[in-house]
Amino acid sequence: MLSVFPLEDALTKHGAENTVFVDVRDSGDIAKTGTVAGAVRINRGFLEFAADDNTQYHNANLTKDAHLYLLCAAGGQAALAGKTLKDMGYQNVYNIGGFGAWKDAGGPVENG
């Protein structure tokens with residue numbers, strides 16, 4: 001599994017060029033709590049389609065050279081999503097854990 005990337009370091013990466021924050025929770029959870037400001041929202045169950053540039057469902061934000069910072073509610077789903085992306089050839093994949101920790105640390109957020 002993908003280990004958790006230090007939250008303090010992730011906070012400094014927010015807004016950096018070629019950096020994408022990806023929230024893998026379902027839309028209902030995001031609607032209740034919000035998410036990282038500017039995060040791409042891709043449900044964990046749909047990730048393989050969104051990450052595969054050979055499908056019509058490919059999300060253009062997911063490129064093999066981008067730095068992808070994944071989060072979920074507590075970190076478990078993000079770790080599994082990260083493993084999937086690594087298996088698909090993505091190299092720069094980081095699990096930043098749960099949204100609550102991000103919010104508590106003062107990370108920028110937006111409504112779901």
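Quick note: the coordinates plus some simple rules give every number you see, no bench work behind them. This structure is a prediction, so every number in the text was calculated from the model and none was measured. Neighbour counts are summed over all protein chains in view; Cβ atoms, including those assigned to glycine, are modelled from backbone coordinates with ideal geometry.
Pairs of lysines in the chain whose Cα atoms sit within less than 16 Å of one another amount to 4, provided the residues are eight or more positions apart or on different chains.
Using the Cβ-Cβ distance between residue 18 and residue 74 with R0 set to 25 Å, the FRET efficiency works out to roughly 0.40.
Cα-Cα pairs above 22 Å in the chain: how many percent?
22
Here the extension length gained between residue 86 and residue 43 equals 13.8 nm, from 0.36 nm per residue of separation less the Cα-Cα distance. Taking label positions 7 Å along the Cα-Cβ direction at both residue 26 and residue 65, the computed distance is 3.7 nm, reported to one decimal. Only helical runs count toward this figure. For the chain, summing -39,500 (n - 2.57) over DSSP H runs of n ≥ 4 and dividing by all residues gives -8500 deg cm²/dmol at 222 nm.
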